[in-house]
């Protein structure tokens, strides 16, 4: 029954959103809204398509190393969680200026960074990009590692980007 499914999903969302770590790990809660939209069948496919196009254009901008173009995709109140850091979520940058600085650090660390073999998935409010990142560290060491970015969108802009990389040993 549709109602039972909604209750189960609401229970999952409530458990997630009441978690004491939630304010540190998550942005604004969209879980219940996303579940209801999907269960009710009220999915805005044009927004999903727009978000998919946004992800494709964003990877192109990253491969061009064009910070101005990249930041044009982000909302003023955006956040970025980098893979490394002293907290469970890595290093968090909040606000457009801080996100720009965090991304600039990535380009400085890997001056020839490239995101290849990209695949994207998008819904009305969320998206995922998978890729193979390659580049040369300042030390001369080359990297080649799979990773993904989890995105949250609002009004056609990225409000949250959370990056993950495999650990290659």
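Using Cβ counts within 10 Å as a stand-in for footprinting exposure, how do 138, 146 rank, fewest first?
138, 146
Across all directions, the average flat footprint of the convex hull enclosing the Cα atoms of the range 63-114 is 3.7 nm². Spacing of the modelled spin labels on residue 60 and residue 130, each 7 Å from Cα toward Cβ, amounts to 2.3 nm. The ranking of 150, 93, 65 by Cβ neighbour count inside 10 Å, starting from the fewest, reads 150, 65, 93.
Could you work out how far the C-alpha centroid of the range 55-77 sits from that of the range 107-136, in angstrom? Rounded to whole Å, the Cα centres lie 11 Å apart.
Since every read-out is calculated from the coordinates, none of them should be taken as a lab result. Every value quoted in this text rests on a predicted model; they were computed, and no experiment measured them. All Cβ positions, glycine included, derive from the backbone under ideal geometry; neighbour counts span all protein chains shown.
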